[in-house]
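Data first, discussion second: the structure below is written as structure tokens.
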Amino acid sequence: MTTFVDRVELHVAAGNGGHGCASVHREKFKPLGGPDGGNGGRGGDVILVVDQDVTTLLDYHHHPHRKATNGQPGAGDNREGKNGTDLILPVPDGTVVLDGNGEVLADMVGQGTRFVAGQGGRGGLGNAALSSARRKAPGFALLGEPGEGRDIVLELKTVADVALVGYPSAGKSSLISVLSAAKPKIADYPFTTLVPNLGVVTAGETVYTIADVPGLIPGASQGKGLGLEFLRHVERCEVLVHVLDTATLESDRDPVSDLDAIEEELGQYGGLGDRPRVVVLNKIDIPDGKDLADMIRPDLEARGYRVFEVSAVARQGLKELSYALAEIVATARAAKPVQEATRIVIRPKAVDDAGFTVTQEGEGFFRVRGEKPERWVRQTDFNNDEAVGYLADRLNRLGVEDALLKAGARAMDGVAIGPEDNAVVFDWEPTVSAGAEMLGRRGEDHRFEAPRPASQRRRDRDAARDEAQGEYDGFSPF
Ligand SMILES: Nc1nc2c(ncn2[C@@H]2O[C@H](COP(=O)(O)OP(=O)(O)OP(=O)(O)O)[C@@H](O)[C@H]2O)c(=O)[nH]1
Ligand SMILES: [Mg+2]
């Protein structure tokens with residue numbers, strides 16, 4: 001039996017950025033030749049790409065963890081680290097990408113449509129790139145950023161123009177097999193079709209796709225038979241075709257009540273009400289079937305359906321049907337805006353113009369959120385005082401200190417940078433009030449002449465880190 005997977009959870013991890021390198025050029029007779037630490041390489045992205053040759057998500061079901069490669073660290077002699085390789089994940093046309101909360105991130109329609117599911121981390125700058133008139137020979141480099149990790153859900157919605165629905169054994173798969181080149185499995189037992197089949201039909205100028213879904217039975221909406229879950233695959237279709245069996249041997253069934261039963265289930269599923277319907281009376285090669293078809297046809301037409309009498313087996317009435325479907329599809333396509341192919345949802349980040357926000361979260365506790373401050377914290381090697389000083393300068397220049405002052409923060413208040421579950425916490429030692437203009441201007445950094453000696457600071461810091469992972473108490477970058 002083939003396994004069909006149309007919904008998978010996928011855990012993607014982009015590559016980490018490589019760390020920058022802190023190195024000093026050495027040459028005979030020229031012991032201090034300046035900083036020459038290269039930058040770290042960028043981590044690889046994880047990218048989903050629509051590939052028409054891929055038809056199922058099965059591969060991701062078997063291997064749900066995907067990681068792009070890391071960037072390499074920079075090295076001395078200005079050697080840059082190699083970038084990580086992007087990981088390209090091919091997905092079927094019609095894949096919908098959702099986040100963990102079920103929100104649609106991307107609706108991937110059309111060959112080549114791309115969606116970056118995980119952004120690779122930036123490489124850290126090496127000390128060569130960090131040197132400036134103020135910092136001639138930085139004794140530190142920036143850390144590479146971790147790659148973005150994300151749990152996403154992929155859902156497959158087949159992209160077909162025409163969808164065939166009906167009871168098991170009504171002849172849906174048989175119809176696809178004679179209308180197109182597809183060769184689905186056909187048999188005289190119910191639920192032969194376990195996964196949707198897709199075929200391509202050419203009728204005159206028009207080329208369209210046709211799909212069936214596993215047979216429906218009354219109660220499908222309560223999960224009877226194979227249930228309604230496969231109807232997801234017909235959500236995008238332009239026209240629904242009711243395939244009705246005129247020759248069923250079951251005494252309690254006839255084509256009209258079959259139609260009503262299927263409509264009832266479609267109504268339960270919802271969302272398909274606006275789709276035009278066409279009725280196909282199949283199996284008219286059987287004499288009783290033909291008689292019954294002729295009998296009920298006026299009734300169905302009176303209800304407003306276009307009715308086609310066909311035999312999939314004897315190949316009768318097929319041309320008329322396929323041209324009629326082509327016409328409906330062509331009309332629907334003409335009515336649609338052309339640019340509908342790719343729908344990628346882009347969510348703007350909720351950050352104000354300054355690029356960060358400061359919020360008070362309690363007595364003497366403030367939180368800073370923003371792409372830049374959070375990234376800078378991730379790039380900082382907290383074992384290196386100079387690197388921490390550099391972080392303080394960056395935050396200061398962005399205006400974080402001013403904003404904290406404005407928000408009412410005072411010396412030694414707690415300041416967290418980052419989201420609740422992943423923040424770095426500092427005790428704030430404002431530099432603005434202490435004369436920010438002095439900072440580092442003469443190649444020194446008075447903040448490192450703090451009352452506590454470096455060894456003491458380091459000890460405090462280590463203790464704090466043991467206490468709360470990711471938190472650096474009693475230790476300020478400001
Ligand atoms: N005599 C006759 N038999 C047909 C015709 N179309 C289909 N059949 C037969 O009906 C049986 C079921 O056909 P399928 O095409 O597998 O039916 P289905 O609707 O795809 O059924 P499920 O996949 O189980 O939902 C097979 O034995 C077919 O050979 C037809 O036009 N005439
Ligand atoms: Mg079938």
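The values are calculated or read from the model by the stated rules, or taken from the named source; none is laboratory data. Quantities reported herein were computed from a predicted structural model and do not represent experimental measurements. Glycine gets a Cβ as well: all are built from the backbone with ideal geometry, and neighbour counts include every protein chain shown. The accessibility values were calculated without ligands, DNA or RNA, using every heavy atom of the protein model including side chains. Shrake-Rupley method; radii C 1.70, N 1.55, O 1.52, S 1.80 Å.
Structure above, values below:
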quantity: Extended-chain gain in nm, criterion 0.36 nm per residue less alpha-carbon gap, Gln268 and Glu250; calculated: 4.0 nm
quantity: Accessible area of segment 1-156 divided out per residue, in Å², using a probe of 1.4 angstrom; calculated: 49 Å²
quantity: Per residue value of the accessible surface for segment 162-340 (all protein chains in place, 1.4 Å probe), Å²; calculated: 46 Å²
quantity: Reciprocal of mean inverse Cα separation for segment 162-340 (Kirkwood radius, Å); calculated: 16.3 Å
quantity: Accessible carbon and sulfur surface of segment 1-156 relative to its total accessible area, %, 1.4 Å; calculated: 51 percent
quantity: All aspartates and glutamates inside 19 Å of Lys67 as judged from Cα atoms, apart from same-chain residues fewer than 8 positions distant; calculated: Glu9, Asp45, Asp59, Asp86, Asp99, Glu145, Glu148, Asp151
quantity: Cα centre as origin, Lys/Arg/Asp/Glu Cβ charges: segment 1-156 dipole, Debye; calculated: 1400 debye
quantity: Among 13-19, 213-219, the order from most to least packed when residues are scored by Cβ within 10 Å on average; calculated: 13-19, 213-219
quantity: Heavy-atom accessible surface of segment 162-340: percent carbon and sulfur, 1.4 Å; calculated: 53 percent
quantity: Cross-link pairs beyond the 20 Å C-alpha cut-off, checked among Lys183/Lys336; Lys283/Lys319; Lys82/Lys136; calculated: Lys183/Lys336; Lys82/Lys136
quantity: Where labels lie 7 Å past Cα in the beta-carbon direction, separation of Ala314 and Asp299 in nm; calculated: 2.2 nm
